[in-house]
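Novice: So that we are looking at the same thing, I have put the structure below in C-alpha cells.
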Amino acid sequence: MRVLVIDASEVRRLLPMRACIDLMAGVLRALAEDRALNPLRQAIRLPGGRGILGLMPGALAEPATFGLKCVSVFPGNHGTPYDSHQGFVLLFEPEHGRPLALVEASEITAIRTAAVSGVATRLLAQEDARELALLGSGVQARTHLAAMLAVRGIRRARVWSPTARNREAFAERESARHGIAVEAAGSAKEAVAGADVVCTTTSASQPVLHGAWLAPGCHVNAVGSSIASARELDTEAVVRSRLFVDRRESTLNEAGDFLFPRREGAIGDDHIRGEIGELLLGRVAGRRSDDEITLFKSLGLAVEDLAAAHHVYALALEQGRGATVDLAGSDS
C-alpha cells in the first residue's frame, strides 16, 4: 500500500491562488448540485480548552475521491511560529478504498479558505472595488490579500490586528510582496472606514467589526470564527447585510456570526439568501444595488479541502513530486 506524502512547500508550488479560486468555484457548484457529500464536521475540545481536534469527512463525484481532513485548531498559536491549524488531508480512491495521499493541511486550509472568499468576492463585490480592509495579520490575512488582488483591482489595503508590531510587519512585508500600498491602521474602525471589501481573519471570540462602520456598497468576507460560541461581527453588521454562506447546514449549526444575532431575535433563518454554489448556478440573486452591503460567512468545508488536495495530488504524480511511503512495510 503506497501512499504519496506531500508537504507544505509542494502544496504552495502546486496550488496557486488563481487556480484554486477556479477550483473552489467548481466544487461549490458541485455541492449545490448534490455531486458531493459534506457532513457536519466533528470536533473534540481538548482538556484545558487550549485546542480542538477537528475531523472533516467528505466525498466528491468528480474527481472520484473521498477522505477527511484531520486538524488541530489552536487559536493561541496566532503570533507564534506555529499555524493555528495543523494536520493532514487524507485521500482515498473509491473503487477499493485504498489510501492515496497524505497532504499537509495547514497550507491547503490557508489557500482554499482565501480562494473561497475570492469566489464570493468575485460574485458579490462591486466591480470597481479598490479599497481593502483586513482585520487580522496572520496566515489568513496573507492569503486573503492575495485572493482579493486576484479578483478585484485593489489599489490600497489597510490592516489592523491587536498587536502593533504584527500589523506593521505585515504591512511592510506584503507591500513589498505585491507592490501595492498596504498600511497598518491604528484601530479596526480606522482600517474599515470607506473600504469596498472587508475581510475578517482574526481569532476573536467577540466582535471586532461593527456594522456602523460599514460603507454603503461594501462586501464583507467573515472568515475567522468557525464555532457557534465565537463571532467577529456584531449584530448590526449581519442585519445590515445580504448574507450568503458556503453551506446552510453548517451555518445553522456552527456559525457564531449568524447564531448570535438569531438568538437575539434580530434575524431568522431566512436571512441566509443562499449558498455560494446556488449563486454560481443562478438559483439566487446576488448584489441588487450599488449601495447594498453583502456578506459572505465562511466556515470551511471538507469538500473544499478534498478538491484542493486531489488537485495537488494529481499534479504531484504527474510531476514526480512528493515522497512515496510503503505503509505495508517489508515481509523480511
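Novice: Taking into account only those residues within the range 34-47 that are in a strand (DSSP E or B) and modelled with pLDDT of 95 or more, which is surrounded by the fewest Cβ atoms within 10 Å (Cβ to Cβ)?
Specialist: Taking the candidates together, the pick is Leu37.
Novice: Name the single residue that is modelled with the lowest pLDDT among those in the range 48-74 being in a loop (DSSP other than H, G, I, E, B), open to solvent by 40 Å² or more (accessible area, probe 1.4 Å) and over 12 Å from Pro94 (Cα atoms).
Specialist: The extreme case among them is Gly49.
Novice: Open to solvent by 10 Å² or more (accessible area, probe 1.4 Å), within 23 Å of Phe244 (Cα to Cα) and not basic (Lys, Arg) - does that describe any residue in the range 153-168?
Specialist: yes
Novice: It is to be established whether one or more residues within the range 146-160 are of a type in the set (Gly, Ala, Ser) and over 17 Å from the mean Cα position of the chain (by Cα).
Specialist: yes
Novice: Which of the residues that make up the range 108-141 are part of a helix (DSSP H, G or I) and open to solvent by 20 Å² or more (accessible area, probe 1.4 Å)?
Specialist: Answer for the range 108-141, where residues must be part of a helix (DSSP H, G or I) and open to solvent by 20 Å² or more (accessible area, probe 1.4 Å): Arg122, Leu123, Val139, Gln140.
Novice: Taking Ser289 as meeting all but one of (1) more than 27 Å from Ile21 (Cα to Cα); (2) not in a strand (DSSP E or B), write down the number of the exception.
Specialist: All conditions pass for Ser289, except number (1).
Novice: With (1) out of contact with any His (no Cβ under 6 Å at 6 or more places or on another chain); (2) open to solvent by less than 10 Å² (accessible area, probe 1.4 Å) as the list, and Cys199 as the residue in question, which single condition is left unmet?
Specialist: Against the list (1) out of contact with any His (no Cβ under 6 Å at 6 or more places or on another chain); (2) open to solvent by less than 10 Å² (accessible area, probe 1.4 Å), Cys199 comes up short only on (1).
Novice: Looking only at the range 169-181, count how many residues are surrounded by fewer than 23 Cβ atoms within 10 Å (Cβ to Cβ) and in contact with a strand residue (DSSP E or B) (Cβ under 6 Å, 6 or more places away or on another chain).
Specialist: Here the count works out to 4.
Novice: Are there any pairs, at least 6 apart or on different chains, whose C-beta atoms fall under 8 Å, with the first in the range 166-181 and without any contact (Cβ under 8 Å) to a residue 60 or more places away in the chain and the second open to solvent by 50 Å² or more (accessible area, probe 1.4 Å) and assigned to a loop (DSSP other than H, G, I, E, B), and if so, which?
Specialist: What qualifies is Ile180/Arg155; Ala181/Arg155.
Novice: I'm trying to understand the selection: among the residues of the range 146-189, which are of a type in the set (A, V, I, L, M) and over 22 Å from His210 (Cβ atoms)?
Specialist: Ala146, Ala147, Leu149, Ala150, Val151, Ile154, Ala169, Ala171, Ala176, Ile180, Ala181, Val182
Novice: For the range 75-87, enumerate the residues that are more than 16 Å from the chain's Cα centre (by Cα), free of Cβ contacts under 8 Å to residues at least 60 places away in the same chain and part of a loop (DSSP other than H, G, I, E, B).
Specialist: Thr80, Pro81, Tyr82, listed by residue number.
Novice: Out of Val208, Val238, Val192, Val220, report the one residue that is touching a residue at least 24 places away in the same chain (Cβ under 8 Å), out of contact with any Cys (no Cβ under 7 Å at 6 or more places or on another chain), among the aliphatic types (A, V, I, L, M) and open to solvent by 10 Å² or more (accessible area, probe 1.4 Å).
Specialist: Selected residue: Val208, the only one of Val208, Val238, Val192, Val220 that is touching a residue at least 24 places away in the same chain (Cβ under 8 Å), out of contact with any Cys (no Cβ under 7 Å at 6 or more places or on another chain), among the aliphatic types (A, V, I, L, M) and open to solvent by 10 Å² or more (accessible area, probe 1.4 Å).
Novice: Just one of (1) in a strand (DSSP E or B); (2) open to solvent by 60 Å² or more (accessible area, probe 1.4 Å) trips up Val3, so point out which.
Specialist: (2)
Novice: So, Leu90, is that one free of Cβ contacts under 8 Å to residues at least 24 places away in the same chain, surrounded by fewer than 24 Cβ atoms within 10 Å (Cβ to Cβ) and in contact with a helix residue (DSSP H, G or I) (Cβ under 9 Å, 6 or more places away or on another chain) or not?
Specialist: yes
Novice: Hey, can you tell me all the residues within the range 292-326 that are under 20 Å from the mean Cα position of the chain (by Cα) and assigned to a helix (DSSP H, G or I)?
Specialist: Hits for the range 292-326 are Ala302, Val303, Glu304, Asp305, Leu306, Ala307, Ala308, Ala309, His310, His311, Val312.
Novice: Also: Six or more apart or on different chains, Cβ atoms under 7 Å: show the pairs whose first residue is in the range 33-45 and under 14 Å from Gly300 (Cα atoms) and whose second is open to solvent by less than 90 Å² (accessible area, probe 1.4 Å) and in a loop (DSSP other than H, G, I, E, B).
Specialist: Short answer, once both residue conditions are applied: Asn38/Arg247; Asn38/Leu301.
The values are calculated or read from the model by the stated rules, or taken from the named source; none is laboratory data. Fair warning: this is a prediction, and the values are worked out from it, not measured in the lab. Positions of Cβ are generated from backbone atoms using ideal geometry, with glycine treated the same way; all protein chains shown enter the neighbour counts. Heads up: the accessible areas ignore ligands, DNA and RNA and are worked out on the full protein's heavy atoms, side chains in. Shrake-Rupley method; radii C 1.70, N 1.55, O 1.52, S 1.80 Å.
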